[in-house]
Amino acid sequence: MIEKISESVLDKVSVDFLRDQVLKNAYGNDDTPIAALDPRVLLLWYLFFGIVPWFLNDVIVLLGFFILTVVTTRVARVAPLVLFVFALGIFSQTGYTFIVSLFFEGDLDTLLSLLVLTLKVATCSLASITVFSGLDPDRLSNGLLWFGVPERLSFSIAFAYRVLPILMEELQNILLSYRLRGRAPAHDTLAGKVRWLIYQVRIVIQSFYPLMLNTAKRSRTTVEALELKGYRYASTNLKVLKIKLSSLHAGRREAVFVAISVAWVVLCFVVSKIVGL
């Protein structure tokens with residue numbers, strides 16, 4: 001039983017699996033209802049659920065916000081790896097604090113305070129996961145341009161999305177070069193599997209510097225190509241920017257999405273008031 005679990009874990013932590021999960025979350029959600037929405041609506045929705053929860057301390061309202069973001073995350077079909085990292089981050093930020101507080105005579109008030117903080121962090125995190133998993137680089141850049149974000153800044157954010165597959169491919173090449181020149185420990189036994197996992201983690205850490213160096217070289221080549229194609233002129237030409245913004249269109253789907261979100265928020269406040277009475 002333990003060997004089967006260890007083999008399953010080793011399969012999940014492979015580089016190919018990680019690459020597929022990251023690319024699926026960044027580029028494989030184009031057919032979801034969230035991805036079909038106007039980027040301007042999604043960005044405004046994200047700003048609300050990313051800022052407003054920090055000014056609230058009502059557990060019922062925060063719980064309602066959290067439930068809504070959970071539903072939108074499910075609709076956005078977020079990759080399981082991203083959800084695992086999210087759960088791990090939430091526990092590392094607030095979960096361990098509650099466990100430590102139990103050893104120092106923590107009570108129900110401590111639990112409620114940590115619950116409020118956890119709901120705030122979880123709501124903001126799920127809102128960001130929902131929005132940015134449903135926006136491709138072009139739509140994200142167009143939405144930022146509509147809100148007046150400088151064109152070069154919006155391009156930099158979109159370029160960070162587009163360079164992601166290149167980074168994953170470069171990382172895989174570096175890892176393969178390390179494996180060709182090294183010798184992985186045998187993983188026939190459970191102890192060997194643990195040593196093999198530690199070996200893989202060490203290789204990933206050692207691959208960080210070559211990855212950054214190769215990325216810098218690719219970035220320089222990208223900058224030179226952009227300058228040759230007239231990027232500086234296009235970034236300051238209003239006609240080009242208007243053509244990009246003409247693709248934005250808000251319709252019935254966006255109205256329904258906003259109406260559902262507003263109705264749920266109002267319902268959360270109403271329930272909070274009723275329970276408070």
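Assorted remarks:
- Options PRO165, PRO185; residue that is open to solvent by less than 60 Å² (accessible area, probe 1.4 Å) and either touching a Lys or Arg at 6+ places or on another chain (Cβ under 6 Å) or hydroxyl-bearing (Ser, Thr, Tyr) (or both): PRO185
- Residue that is modelled with the lowest pLDDT [pool: residues in the stretch 151-171 that are of a type in the set (A, V, I, L, M, F, W, C) and in contact with a helix residue (DSSP H, G or I) (Cβ under 7 Å, 6 or more places away or on another chain)]: LEU164
Here's the yes/no breakdown for (1) modelled with pLDDT under 75; (2) among the β-branched types (Val, Ile, Thr); (3) surrounded by 15 or more Cβ atoms within 10 Å (Cβ to Cβ):
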{"position": "ASN173", "(1), (2), (3)": "no, no, no"}
{"position": "LEU176", "(1), (2), (3)": "no, no, no"}
{"position": "GLN200", "(1), (2), (3)": "no, no, yes"}
{"position": "THR221", "(1), (2), (3)": "no, yes, no"}
{"position": "GLU227", "(1), (2), (3)": "yes, no, no"}
{"position": "ARG232", "(1), (2), (3)": "yes, no, no"}
{"position": "THR236", "(1), (2), (3)": "yes, yes, no"}
{"position": "ALA255", "(1), (2), (3)": "no, no, no"}
{"position": "VAL262", "(1), (2), (3)": "no, yes, no"}
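- The lone exception for ARG183 - which of (1) part of a helix (DSSP H, G or I); (2) at pLDDT below 80; (3) over 30 Å from VAL41 (Cβ atoms) it fails: (1)
The values are calculated or read from the model by the stated rules, or taken from the named source; none is laboratory data. Just so you know, these numbers come straight off a predicted model, no measurement behind them. Glycine also receives a Cβ, built like all others from the backbone with ideal geometry; neighbour counts cover every protein chain displayed. Surface areas here come from the heavy atoms of the whole protein model, side chains and all, with no ligands, DNA or RNA. Shrake-Rupley method; radii C 1.70, N 1.55, O 1.52, S 1.80 Å.
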